[in-house]
Amino acid sequence: MNIAFSLLLPRDELSVLAVRRVCGNALSDLGVHPDCGDDIELALTEACTNVLKHARGSSDEYEVSLEITESTCDIRVEDKGTGFSSDDIGDELVNETAEGGRGIHLMKALVDKVSFVSKPRSGTVVHLEKELVCEEGSVLARLCDCSPKGRGSLSSSEGRGSLRTG
């Protein structure tokens, strides 16, 4: 089971609120536990805000792609800016006491995996991944249980990720 969508957004502060609500509503409607959904929304907000602040030489748009599987939420935030060297985001350059620079640490604390792919003059992709925790009887759990006998249901013994419920 795979649910995916992509949004092409203007580089405007209101777009961050819009994408956060779209993502949050999708996760909530699927029955993702509120704490898990809140973590994803906040990490997404940080990634999008970084596009607005740091994507120099960029077009007036950026793209957010979201993919929800039976066990994970995978988000990509892509801009077409000038890019940066991955050395620029090293821990030694991030001052946790300053106003700026805490977003990367926050994203890393909220999701399971954060990565950056940046190429000079081609832009940057921020990739966020989080294992989902769902409410008991969630829509997502029911969508993943493909047959009446549970065949195709999520179980680690079949080599597929297991759906966690909270």
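Using mean Cβ contacts within 10 Å as the protection proxy, how do 113-123, 23-33 order, highest first?
23-33, 113-123
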Q) Stretched out fully, how many nm does the piece from residue 18 to residue 117 gain, at 0.36 nm a residue minus the Cα gap? A) 33.2 nm
Q. Could you give the nm distance between label points at residue 35 and residue 4, where each point is 7 Å from its Cα heading toward the beta carbon?
A. 3.1 nm
(Q) Please compute the modelled spin-label separation between residue 142 and residue 53, points set 7 Å along Cα→Cβ, answer in nm with one decimal. (A) 4.1 nm
Q: Please list, in chain and number order, the residues 5+ apart from residue 72 or on another chain whose amide H is under 5 Å from its amide H, with Hs placed from the backbone.
A: 132
**Q.** Sequence of 12, 79 once ranked by neighbouring C-beta atoms within 10 Å, starting from the fewest
**A.** 12, 79
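Only the coordinates and a few stated rules stand behind these numbers; no lab work does. In this text the structure is predicted, and so the values were computed from the model without any measurement. Positions of Cβ are backbone-derived with ideal geometry, glycine not excepted, and every protein chain shown enters the neighbour counts.
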